[in-house]
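What follows is calculated from the coordinates using simple rules that are stated; it is not laboratory data. Since the model is a prediction, treat every value here as computed from it, not as a measurement. Using ideal geometry, Cβ is built from the backbone for each residue, glycine included, and neighbour counts are taken over all protein chains shown.
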Amino acid sequence: MSDGLELFIAHASEDKDSLVRPLAAYLTRAGVKVWYDEFSLKAGDSLSRSIDKGLATARHGLVVLSPAFLTKRWPEYELRGLTAKEIAGGEKVVIPVWHNVDVQDVLAFSPPLADKFAVRSKDRDLEDIAAEILRVIRPDLGQQLSVLRRLLRRPGPDAEIVHVPATKLGVMPRPKVVEAEAHIAIRAANIVNTLGRANPKVVGDFMTFVADLYRDLHPEVELRVWELITAVFILVDGMTELSPEQRERLVHLLVMISLDNLDELDRAELPEHVVALTVEKWLTFSDVVKNERVRFSTEGMPDD
């Protein structure tokens, strides 16, 4: 794939405001390379050629099935192209999103499409819809959804959001009750108390942190990533002299490194030796946690 596109979004223009634009912005900010007409078309571009290029290069196609979509010519053209690619390649390419339609609507439009597993937008917020899509197209990000939510709830640069107010990023209300295993609650408290003092914007409060963990399929996996971030932060913070602002940036840097966003290294606004030390300790700790057990030698230690 020459452009490295991961997702082509086929949709009707009527659905831009209600779903497609904020969803495309959210996925783009999560690091997904998205073909979406407002992002991808420039003045003078041929619509048909641009669509064909997106269809040819994107790994997956998100098809937003809505009442408007079912009556449009361009979206139907896009869907045919994605379906042909899926048949030719033998891999899952088409990801339907049912938006204000039911099974009878989809059956009347395309019986094979109605038989596909679909993401349904009804009674779901943007974060949940995006999370289900990420689990398919980017399993690496899908395993770290609570980390992503922390970052994506913060308004990013205008160039990333593209006409999407931060209020449209669909933060789910805090649940009234969260039932967590006791050991997870204690470990979460350690993370929030340590990282939250340095960067409360990313880490947030204890209740929201735990609630986010339990919105994911594998809270234990998420928690271990946060524990790794915390361990490296404690080590680097103890080995260097950082201002409060630099400690805040260090937390942000570690979160981005955990998501394999190495472009952030050049924008860290931290001394070079701090960035180098952070990467070194992250790689060391990451290798350690790949093992089920770790052996320590007590040779040379004084006897009690």
Most exposed first, judged by fewest Cβ atoms within 10 angstrom, Ser297, Ser110, Ser121 run Ser297, Ser110, Ser121
On a full-extension model of 0.36 nm per residue, what is the gain between Tyr214 and Ser243, subtracting their alpha-carbon distance, rounded to one decimal in nm? 7.1 nm
Percent of alpha-carbon pairs separated by more than 19 Å within the range 177-289: 44 percent
Highest-first arrangement of 129-139, 248-258, where packing means the average Cβ count within 10 Å: 248-258, 129-139
So between Glu280 and Phe296, what do we pick up on full extension, going 0.36 nm a residue minus the alpha carbon distance? 3.7 nm
The extension gain from Asp102 to Arg120, computed as 0.36 nm times the residue separation minus the Cα-Cα distance, is 5.5 nm
Two-site label geometry, Arg267 and Thr57: point separation in nm, points 7 Å out along Cα→Cβ: 2.1 nm
